[in-house]
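Structure record follows, encoded as structure tokens.
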Amino acid sequence: MKKIIIIGGKGTPVVIAEQILNAVEKFGEKYELLGFAFDDESFGDEINGIPILDKTYNVYGKYKKFEDVFYVYSLYRSDVIEERVKLRESLKIPIEKYVSFVHPLATVARSAQIGYGNIILANVVINPNVKIGNFNTFNSNSLVGHDTVMGDNNFVAGHSVIGSNLKIGNGNFFGLNSSSKNFIKIGDYNIIGMAANLVKDVQSRQIMIGNPARPLSK
């Protein structure tokens, strides 16, 4: 049984925690949720009845002697993804200690390839021959089309649709209800706005809005 500590404690980390508990209680998955590693002392000792175990930078040192303890990293925010990636790297937790959690109600094709530290929540669909790197989060009811290749540290909000045969880089944020056309390329650290419809390639560090999506004027 894998014992899990979630690094983070507000918003998506709580969603992940509840879905892990649901997977255990309703579907008999073999996990034990130990609690959160979180730095905001205003939350006290627990969140939704789940304990806060320690501060972000302390937790690995405290638990690294336990071979059955694994981690979920969930401190992403659309406007500071690159900063939060560097924070994760600074924790020096070995990549093999990050669990990829797939909720039992998700559909992941048997031919899909998934790296370390990915989170795939209920009702997500990952289609055949998809290749996913590390530390990506797929919120409920999102979809990734066949033969799409995705890098690391991407965040896909609920009801987002990523088409087939895309090439996606690192650190992108796909907002609620966004969609991305087949066969396009998306670079690194872009924000795809809520309900945006991507129909053309996007380079890097753009904020895309609208239908069809266009760069936000600065």
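Please treat every number below as a calculation from the coordinates, not as lab data. Bear in mind that the values here come from a model prediction, so they are computed numbers and not experimental data. Here Cβ is always computed from backbone atoms with ideal geometry, including for glycine, and neighbour counts include all displayed protein chains.
Each Cα pair under 8 Å and six or more residues apart adds its separation to the average, and for the chain the resulting relative contact order is 11 percent. Neighbour counting of Cβ atoms within 10 Å sorts the residues Phe27, Phe38, fewest neighbours leading, into Phe27, Phe38. Cα convex hull, the range 2-97: 101 Å³ per residue, rounded to a whole number. When the C-alpha to C-alpha distance is required to be over 28 Å, the pairs from Lys65/Lys167; Lys64/Lys185; Lys131/Lys200; Lys10/Lys62; Lys3/Lys131; Lys86/Lys131 that qualify are Lys65/Lys167; Lys64/Lys185.
Under 20 Å of direct C-alpha separation, and excluding same-chain neighbours fewer than eight residues apart, Lys30 reaches these aspartates and glutamates: Glu18, Glu67, Asp68, Glu96. Each Cα pair under 8 Å and six or more residues apart adds its separation to the average, and for the range 100-218 the resulting relative contact order is 14 percent.
The ellipsoid that matches the Cα gyration tensor of the range 100-218 has semi-axes, each √(5λ) in whole angstrom, of 22, 13, 13, with the longest given first. Of all beta bridges that DSSP places with both ends in the chain, some 10 percent have antiparallel geometry. Neighbours of Ile4, meaning other residues whose beta-carbon lies under 15 angstrom from its beta-carbon, give a summed charge of -2 when Lys and Arg score +1 and Asp and Glu score -1.
Listed by chain and number, the aspartates and glutamates placed with their C-alpha closer than 18 angstrom to that of Lys181 are Asp147, Asp201; residues fewer than eight positions away on the same chain are left out.
The mean sequence separation of alpha-carbon pairs under 8 Å and at least six residues apart, normalised by the residue count of the range 2-97, gives a relative contact order of 33 percent. Each of Ile209, Ile95, Ile119, Ile5 was scored by other Cβ atoms within 10 Å of its Cβ. Arranged with the fewest first, they read Ile95, Ile209, Ile5, Ile119.
Distance distribution note for the chain: the fraction of Cα pairs above 21 angstrom is 52%. Between the helical axis of 12-27 and the dominant principal axis of the chain, each derived from Cα atoms, what acute angle in degrees is found, rounded to the nearest 10? Helix 12-27 sits at roughly 70 degrees to that axis.
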